[in-house]
Every structure is written in C-alpha cells, then in structure tokens.
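Structure record follows, encoded as structure tokens.
The values are calculated or read from the model by the stated rules, or taken from the named source; none is laboratory data. Computed from a predicted structure; not experimentally measured. Here the Cβ positions follow ideal geometry from the backbone for every residue, glycine too, while neighbour counts run over all protein chains shown.
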Amino acid sequence: MSRIERLLLDFYGLIAPKYEKFNGLLTFGLDGLWRKRLCLMAAENTPSLCLDICTGTGEIPRLLKRSLPGKVKITGLDFSPDMLSKAVERSDAEGICFILGNALELPFKDDSFDLVTISLATRNLYAETGDLKRYFTEFCRALKKGGVFLHLETSQPENVFMRKLFHMYVRTAIGLINMLSPRSKMPYDFLKNSALNFYNSEELSEILAESGFKDIEVYKMTFGAVCIHKGVKR
Ligand SMILES: C[S@@+](CC[C@H](N)C(=O)[O-])C[C@H]1O[C@@H](n2cnc3c(N)ncnc32)[C@H](O)[C@@H]1O
C-alpha cells in the first residue's frame, strides 16, 4: 500500500463515525441531492446487478435499493473497514452486501455487473496513483458489455466567477476544519488540493473514452462544481 493510500485509510477510519454529518455540513446538504440524481439516472437503465465502488458508509447502495424496481443485488466495496462497518450497521435492506477491497483490483470476474457507480471518491483515487485511466479501465472490466458507469465527483465550473467562488469556498472551509481539527490537517489539505486541481468535465470525459466507455454524457450540478458522468461499456 502506498503512503497516500495508508494516509487516506487512516483518515477515513478516523472520520467514519461522523462522515455523513460532516459531508452534509460541508456541502450544505447538497451531497444528498447529488447522490439522488445519480440514482435516478441509474433507474433509467433498470439494472439488476450493481456495484458501488468506494462506497463509504453505503449511502449509494441504500438509495439505489429505493430507486430501482424489482429484485436487485447491490454490492458496495471499500478499502476502509471502519467505513464498511458503518455501512453494514446502516443498511439492513435485503439485496445489499458490502465487501472489503481495493478499487484498483476489483475481486470480480470480467463482465459481472449491469451498473457500476462511484460517488465523491475519484479525487482520492487520482491522488493515490495519479492515473485515473487505470481505475476506470478496471471498473469497465467489471461491467457487462453495454453496462452503465455513473461517476459523481466535483469538477471545475466553466464560468470564471463561479470557479473562483468555488475555489474560495473550498479553501475557506478546509482552512476552518484544519483550525478545529489540526490532527487531520494533512489529509484535508490533500483533499482540498485535489478539489482545486481536479479535471474539468471535458477532460474527465476524454479519460473515460480512453478507458473503454462510449456514449459519454455529462450532467452538471451546482453551477458545474459537481458533475455526473455517464458512460456505456463498449
Ligand atoms: C469521500 S468517501 C466517499 C464515500 C461515498 N461514496 C459517498 O458518496 O459519500 C471516499 C471513500 O473511498 C474509499 N477509498 C479510497 N481509496 C480507495 C481504494 N483505493 N479502494 C477502495 N476504497 C477506497 C475511502 O475509504 C472512503 O470510504
């Protein structure tokens, strides 16, 4: 495990008990709406076998279960035992299971899922290796041909004023958190920098296309500060 992976693993272990509250505060509750939008898009394709990568406390699997009709099987994967134990505690619905694993080496055969999702975690992965294509290619491998990948992450607003405002908010919010919780300064700084420097929606679409996806669509939210990318396995 790389030094950065170890750092993030310890960090998520530390914040697991308050992760959802914390996220809600940082995003003024918008994170819930972003995830709901992703699940509505998922429902358009009526998948039955779903995988949520970097599932954290399992919010996406729980929402998917509510949004998808019929019998669906949803697997949530994460490398943090602490986040996963919170996920298990919160998700008692039938058809949801959680497994410990690394996003870079998914423990599934090729062509296993109708739907693969990832929400608010790609910036971590990018920071871990600097090579998103490696991850996206691995996610594509686990999808059936024609299966759908839904990707939710912060982006860069096109409008210069909104972009500056977004960056100012990220700097101020993380600065405040660092003052209140100096123990977690390094990982928070790290997440701040990844938000400020992450790809814009066009760049991310290109990486998806290079990783085996076609018919890429982008759904922008919150003035383009957050995007859902949809791709279909070629
Ligand atoms: C910001 S949380 C996102 C959780 C959830 N998807 C959500 O929407 O809130 C990022 C999650 O990614 C997990 N993670 C980071 N790197 C990972 C990796 N290489 N493999 C598996 N999980 C990873 C962390 O443990 C953490 O639970």
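Results, tabulated for the structure shown:
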| item | result |
| --- | --- |
| Strands (runs of 3 or more DSSP E) enclosed by the stretch 1-103 - at least 1 residues per element that are of a type in the set (Ser, Thr, Tyr) | 73-78 |
| Those residues of the stretch 83-103 which are within 11 Å of the ligand (Cβ to nearest atom) and polar (S, T, N, Q), in sequence order | 102 |
| Residues of the stretch 104-144 classified as away from the ligand (no atom under 12 Å from the Cβ), closer than 19 Å to residue 73 by Cβ and surrounded by fewer than 16 Cβ atoms within 10 Å (Cβ to Cβ), total | 3 |
| Verdict on residue 57 being in contact with an Asp or Glu (Cβ under 8 Å, 6 or more places away or on another chain), surrounded by 23 or more Cβ atoms within 10 Å (Cβ to Cβ) and over 19 Å from residue 148 (Cβ atoms) | yes |
| Residue, farthest from residue 150 (Cα to Cα), within the stretch 23-32, restricted to residues that are surrounded by 13 or more Cβ atoms within 10 Å (Cβ to Cβ) and hydrophobic (A, V, I, L, M, F, W, C) | 25 |
| Failed item, numbered, when residue 48 is tested on (1) among the small types (Gly, Ala, Ser); (2) within 12 Å of the ligand (Cβ to nearest atom); (3) farther than 23 Å from residue 126 by Cβ | (2) |
| Subset of the stretch 90-103 that is at pLDDT 95 or above and of a type in the set (A, V, I, L, M, F, W, C) - its residue that is surrounded by the fewest Cβ atoms within 10 Å (Cβ to Cβ) | 100 |
| Subset of the stretch 1-46 that is at pLDDT 90 or above and of a type in the set (Lys, Arg) - its residue that is farthest from residue 83 (Cα to Cα) | 37 |
